[in-house]
1. Within the range 41-86, restricting attention to residues that are modelled with pLDDT under 75 and small (Gly, Ala, Ser), which residue is surrounded by the most Cβ atoms within 10 Å (Cβ to Cβ)?
2. For the range 38-72, which positions are assigned to a helix (DSSP H, G or I) and farther than 20 Å from Leu86 by Cα?
Amino acid sequence: MAYALVPDGYKLEKVTKGQKEAVDKHNSNEAVRAFFDGPASGELVKAVALVVTPIVLAALAKQIDLPDFNVTSFIDEQLSKILPDLGIDFSP
């Protein structure tokens, strides 16, 4: 038999395999909920947007093949507008 900190009062108890799995699942769900309720999730969304947006724009520009559109300068221009608001120094 395994031991687990049972959420009801957080005391260490001897539990069955099924009870251990239930406690582990509960703890995992609580950790995910705490992450999304905290400030880190907003920062994660910003970081993902900063990484994904230029990649998507570059892929679209290649497919459309606009002769007078410079993807690199467009991305640099957009990043120079966004990054200072996030406290990140950006100079292309």
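The values are calculated or read from the model by the stated rules, or taken from the named source; none is laboratory data. Note that the structure is predicted; figures quoted are calculated from it, not measured. With ideal geometry, Cβ positions are generated from the backbone for all residues, glycine too; neighbour counts draw on all protein chains shown.
1. Ala61
2. Result: Val56, Leu57, Ala58, Ala59, Leu60, Ala61, Lys62, Gln63, Ile64, Val71, Thr72.
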